[in-house]
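First up is the structure itself, then whatever we jot down about it.
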Amino acid sequence: MNRRLKPTPVDAKAAHLAFDDNTLALQLFGAHHSHLARVEQALDVTIHARGNEVTISGDKEAVDAACTVLNGLYGQLTRGLVVGSAEVDAVVRMAPRGYGDGADADLAIRTRKRHILPRSPTQAAYIRAIDECELVFGLGPAGTGKTYLAVAKAVERLITGEVDRIVLSRPAVEAGEHLGFLPGDMREKVDPYMRPLYDALYDMLPGPQVAKRLESGEIEVAPLAFMRGRTLGNAFVILDEAQNTTAVQMKMLLTRLGENSRMVVTGDLSQVDLPRGKRSGLRDAVEILQGVDGIAFLHFTDKDVVRHFLVTNIVNAYDKAERHGKAAARYQEKDGAVDGDKDDPGDDD
């Protein structure tokens, strides 16, 4: 690996790690030591590798974090899990928060195409909640894995026979009451709104299996309006983009839950697309159902974003702009600069 000279940190430390399995050590280091390079760049440490051993030097906290990352990734490899650049980046990102030592490897979700590990403490708590509670709400910004992990758990339970079917639903807000005017049959009309759910399914199962299970009804992807009047027993039900439900729609879906079923409701209350003045059913549910036994609420933040690192920066930038905009609006109203343009208390967006 090419090295650049770095000034010796004031609080310098060097650590030495040796890995028992040479083959796994090579996988840990990556092709041409690419994984080690990612750790170096992210944590500002220097890593020298020789055989199955590494020496890490740099600031004490950074060296400790790098040790946690490498030990955690090696632990994943010993459990038969794959370690690629995405896994390296995820563990590096979470290491300063005390995550990455492999302690949550028992929470790995196993599907036909991949094994999925939690990439943050909140994700780990979310997976545990889905295992333990019949109804789970996952709340937070885009990129935190709310829907992806829920679909992964649903697929895992389907292939192990714990449930007979998966029901994936979304409110087709943009279509409103005008689906009948769109071209094609009903599936062609609603597929554009369901596409993110299909994408997650194809990430978990081979294409032919997805098609076969959709055809047989083992997997159903349908707009929220299609849930009315049904009882969803022995099923894993996921409601995505729940912030765009009305209070009536939310109550309707929650009361569909049948015997031996699990339901996961995901949404971001900062991204409501309902008409102005219409209150989000997700907000209603969060307020009404707090403290009810058997229901868990998991709140994700920008620190849990596990997509490309730029997604975290984008979420932070928008949050900052929104806070600044609200502060400016309050200042203008106070000075009388704004007349008749106050926030509608019923607007969730």
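What are the residues in segment 142-152 that are open to solvent by 20 Å² or more (accessible area, probe 1.4 Å) and closer than 21 Å to ASP319 by Cβ, if any? Show your work before the answer.
Start the filter on segment 142-152 by keeping residues that are open to solvent by 20 Å² or more (accessible area, probe 1.4 Å), which leaves 142, 146-148.
Within segment 142-152, ALA142, LYS146, THR147 meet the criteria.
Confirm whether ARG50 is surrounded by fewer than 16 Cβ atoms within 10 Å (Cβ to Cβ) and of a type outside the set (A, V, I, L, M, F, W, C).
Values: surrounded by fewer than 16 Cβ atoms within 10 Å (Cβ to Cβ): yes; of a type outside the set (A, V, I, L, M, F, W, C): yes.
Yes; evaluated as a whole, the condition is true for this residue.
Looking at THR160, is it at pLDDT 80 or above and either aromatic (Phe, Trp, Tyr) or open to solvent by 50 Å² or more (accessible area, probe 1.4 Å) (or both)? Talk me through it step by step, then tell me what you get.
Numbers: at pLDDT 80 or above: yes; either aromatic (Phe, Trp, Tyr) or open to solvent by 50 Å² or more (accessible area, probe 1.4 Å) (or both): yes.
Judged against the criteria, THR160 is a match.
Would you confirm whether any residue within segment 106-128 is surrounded by 23 or more Cβ atoms within 10 Å (Cβ to Cβ), in contact with a helix residue (DSSP H, G or I) (Cβ under 8 Å, 6 or more places away or on another chain) and on the phi > 0 side of the Ramachandran plot?
No: zero hits.
Among ALA66, ALA90, which is the only one that is part of a helix (DSSP H, G or I), at pLDDT below 80, out of contact with any Cys (no Cβ under 6 Å at 6 or more places or on another chain) and not acidic (Asp, Glu)?
On the way: ALA66 fails: at pLDDT below 80.
Sole residue among the options that is part of a helix (DSSP H, G or I), at pLDDT below 80, out of contact with any Cys (no Cβ under 6 Å at 6 or more places or on another chain) and not acidic (Asp, Glu): ALA90.
Tell me whether segment 240-256 contains one or more residues that are of a type outside the set (A, V, I, L, M, F, W, C), more than 24 Å from LEU201 (Cβ to Cβ) and touching a residue at least 60 places away in the same chain (Cβ under 8 Å). Show your work before the answer.
Of segment 240-256, the ones of a type outside the set (A, V, I, L, M, F, W, C) are 240-241, 243-246, 249, 251, 255-256.
Next cut, more than 24 Å from LEU201 (Cβ to Cβ) only: 246, 251, 255.
From the residues that got through so far, the ones that are touching a residue at least 60 places away in the same chain (Cβ under 8 Å) too are none.
So far as segment 240-256 goes, no, none of its residues is of a type outside the set (A, V, I, L, M, F, W, C), more than 24 Å from LEU201 (Cβ to Cβ) and touching a residue at least 60 places away in the same chain (Cβ under 8 Å).
Does any residue in segment 267-291 that is on the phi > 0 side of the Ramachandran plot and among the polar types (S, T, N, Q) come within less than 9 Å, Cβ to Cβ, of a residue that is modelled with pLDDT of 90 or more and buried (at least 19 other Cβ atoms within 10 Å of the Cβ) six or more places away or on a different chain, and which pairs are these?
none
Select from segment 108-122 the residues that are assigned to a loop (DSSP other than H, G, I, E, B) and among the basic types (Lys, Arg) and write down the one among them that is nearest to the chain's Cα centre (by Cα).
So in segment 108-122, the residues assigned to a loop (DSSP other than H, G, I, E, B) come out as 108, 111-114, 117-120.
So of that shortlist, the ones also among the basic types (Lys, Arg) come out as 112-114, 119.
Details: ARG112: 19, LYS113: 18, ARG114: 16, ARG119: 9 Å.
Selected residue: ARG119.
Given the criterion without any contact (Cβ under 8 Å) to a residue 24 or more places away in the chain and over 11 Å from VAL306 (Cα atoms), identify the matching residue among ARG157, ARG128.
Numbers: ARG157 fails: without any contact (Cβ under 8 Å) to a residue 24 or more places away in the chain.
The match here is ARG128.
The values are calculated or read from the model by the stated rules, or taken from the named source; none is laboratory data. What you see is a predicted model; the values in this text were computed from it and never measured. With ideal geometry, Cβ positions are generated from the backbone for all residues, glycine too; neighbour counts draw on all protein chains shown. The protein model used for the area step is the full one, side chains on, heavy atoms only, and it has no ligands, DNA or RNA in it. Shrake-Rupley method; radii C 1.70, N 1.55, O 1.52, S 1.80 Å.
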